[in-house]
Ligand code: DGY
């Protein structure tokens, strides 16, 4: 019985290996071998449709909502011409070496590219596509949602209503800060304003800058200690720009009124993290771009970038290296 099962497993394995070999080697209508690409996740349908209908590549995919294990990624990239990835995959020398000299384009379905070793890509002459602009509105909407959730204490209020804290109507209960007439300081947009000036004049500070070695931990005590004690801090960019220890202290000590975070370091933030214990901190699981239309637009742009790169054409959106 054991041997029979083993033989069946072996047969299944051989058939599936043969099948994937066929997929990889399949020629196009003209009998030419198509370049192989690897897609590191199940992606929104608009992106997959563009890749499939192009007839320009043979697609292999990690067809799951969960990230591809690193060992699988390293194995699958060997000999590919194009890599379609997400912000969850660290694309560094190890991955690029595993891919080998055939790799000519990497396309990330994200506006941020701090998960990429730009130096390593540049060294190897590999082009990089990304997806700015198409998610701007969705991120802006979520930023406003976080502004309101924190300033009007929405999550706290929902908890009170559910858990019996809602007594009679009280003039001083659950008061927050309104948005009307307030000043929003955006860190990482427009002209360069000294940090302490931005901190002193803003009722809300919204972080909007990319994570680079220069911006790592830029939002720390020196910013929070200069903010008004009624001010609110919002981050929808990358968790790494914030010193979370300092943020925690600023909230606990009442240096600032509240914080709204869509991004943290690490992600996911462990559920026992001290920031989760604070009523003044609203934390979302990195959903700023999560509308169906936006994720489809990101997937489609990443797909077209990849195809353009494979053909040596100009990409819709390319990171200059
Ligand atoms: C990006 O694209 O970098 C965003 O963080 C995804 O929402």
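The values are calculated or read from the model by the stated rules, or taken from the named source; none is laboratory data. Everything quoted here is computed from the prediction, not taken from an experiment. In this analysis, Cβ positions are derived from the backbone assuming ideal geometry, glycine residues included, and neighbour counts consider all displayed protein chains.
For this structure, a couple of remarks:
- Search result, residues across the stretch 45-80 that are assigned to a loop (DSSP other than H, G, I, E, B), within 22 Å of residue 312 (Cα to Cα) and without any contact (Cβ under 8 Å) to a residue 40 or more places away in the chain: 55, 77, 78
- Some residue of the stretch 154-171 being modelled with pLDDT of 95 or more, surrounded by fewer than 14 Cβ atoms within 10 Å (Cβ to Cβ) and on the phi > 0 side of the Ramachandran plot: yes
- For the residues 211, 172, 189, the requirement of being assigned to a loop (DSSP other than H, G, I, E, B), more than 15 Å from residue 258 (Cβ to Cβ) and touching a residue at least 60 places away in the same chain (Cβ under 8 Å) singles out 211.
- Boolean, residue 83 is surrounded by 10 or more Cβ atoms within 10 Å (Cβ to Cβ) and modelled with pLDDT of 95 or more: yes
- Residue in the stretch 144-151 that is crowded, with 16+ Cβ neighbours inside 10 Å and within 16 Å of the ligand (Cβ to nearest atom) present: yes
- The lone criterion from (1) closer than 24 Å to residue 268 by Cβ; (2) buried (at least 17 other Cβ atoms within 10 Å of the Cβ) left unmet by residue 72 is number (2).
- Any hit, the stretch 99-110, residues being touching a strand residue (DSSP E or B) at 6+ places or on another chain (Cβ under 8 Å), farther than 19 Å from residue 307 by Cα and surrounded by 15 or more Cβ atoms within 10 Å (Cβ to Cβ): no
- Residue 222 in contact with a helix residue (DSSP H, G or I) (Cβ under 8 Å, 6 or more places away or on another chain) and either over 20 Å from residue 145 (Cα atoms) or assigned to a loop (DSSP other than H, G, I, E, B) (or both): yes
- Residue within the stretch 174-193 that is in contact with a helix residue (DSSP H, G or I) (Cβ under 6 Å, 6 or more places away or on another chain) and closer than 30 Å to residue 82 by Cα present: no
- On the stretch given as the stretch 100-118, residues that are away from the ligand (no atom under 12 Å from the Cβ) and in contact with a helix residue (DSSP H, G or I) (Cβ under 9 Å, 6 or more places away or on another chain) total 7.
- Enumeration of residues in the stretch 125-152 that are in contact (Cβ under 8 Å) with a residue 24 or more places away in the chain and outside any helix (DSSP H, G or I): 126, 127, 128, 129, 130, 131, 132, 133, 134, 135, 152
- Restricted to the stretch 229-246, and to residues there that are part of a loop (DSSP other than H, G, I, E, B) and touching a strand residue (DSSP E or B) at 6+ places or on another chain (Cβ under 9 Å), the residue that is farthest from the ligand (Cβ to nearest atom) is 231.
- Selection from the stretch 279-296 of residues that are part of a loop (DSSP other than H, G, I, E, B) and either more than 16 Å from residue 234 (Cβ to Cβ) or within 14 Å of the ligand (Cβ to nearest atom) (or both): 279, 284, 285, 286, 287, 288, 289, 290, 291
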